[in-house]
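Contents: one structure, followed by commentary.
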Amino acid sequence: MIHDEFEAFAAALSPMSALMGLDLGEKTIGVAVSDRMRTVASPLETVRRKKFTLDSARLLELVENREIGGVLLGLPKNMDGTEGPRCQSTRAFARNLSRLTALPIGFWDERLSTVAAEKALLEADTTRKRRGQVIDHVAAGYILQGALDRMRFL
């Protein structure tokens, strides 16, 4: 089930279950997962997008293997808070994914998550090549960590 409000998403989660955070791009999907206590987000992998059936099969495989209790998608709002074509694409992905799983699906405002991930990788003196390989799942980690931090105050 898709929850537009973050509070409804958090309320729909079963206790002591990990979460998966996704950073959807046109060519890749960054994936991060949390621990069962929902305190720490860890970047996991970057899925190269092919077509929805293959992409969703990989994501659902990770969901099963990691015993995920909910999926959080980064919603790429414009800087003024409006939703553009990328938000529509993300919402369409969520609708398609919701047909394949009963897990709660929610959204988190991802503005500047990639910028924050890039800055952290630069501070860690990561090479340009390595940054390109990991930026998407590091950004997914930022998205998921922001949501986990917010959940502590609900």
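Just so it is clear, none of the values below were taken in a lab; they were calculated from the coordinates. Keep in mind that this is a model prediction, so the values were computed, not measured. Please note: Cβ atoms are built from the backbone with ideal geometry, for glycine as well, and neighbour counts cover all protein chains shown.
What are the ³J(HN,Hα) couplings of segment 89-102, residue after residue, when phi is run through the Karplus curve with 6.51, -1.76, 1.60 and θ = phi - 60°? Round to Hz, x for glycine and proline.
Result, ordered by residue: 5, 5, 5, 5, 4, 4, 4, 5, 5, 5, 6, 9, 8, 8 Hz.
Which cross-chain or sequence-distant (5 or more) residues have an amide H under 5 Å from the amide H of T101, H modelled 1.01 Å from N in plane?
For T101, whose amide H was placed from the backbone, there are no distant partners under 5 Å.
Please give me, ordered by residue number, the trypsin sites (Lys or Arg not before Pro) of segment 1-49 that lie in loop per DSSP and have at most 11 other Cβ atoms within 10 Å.
K27
Would you tally the net charge around S56, using a Cβ to Cβ cut-off of less than 11 Å, leaving S56 out, and scoring K and R as +1, D and E as -1?
Once positives and negatives cancel, what remains is +3.
Give me a comma-separated list of calculated 3J(HN,Hα) values for segment 149-154, in order, Karplus coefficients 6.51, -1.76, 1.60 applied at θ = phi - 60°, integers in Hz, x for any Gly or Pro.
3J(HN,Hα) across segment 149-154, in whole Hz: 4, 5, 4, 5, 10, 8.
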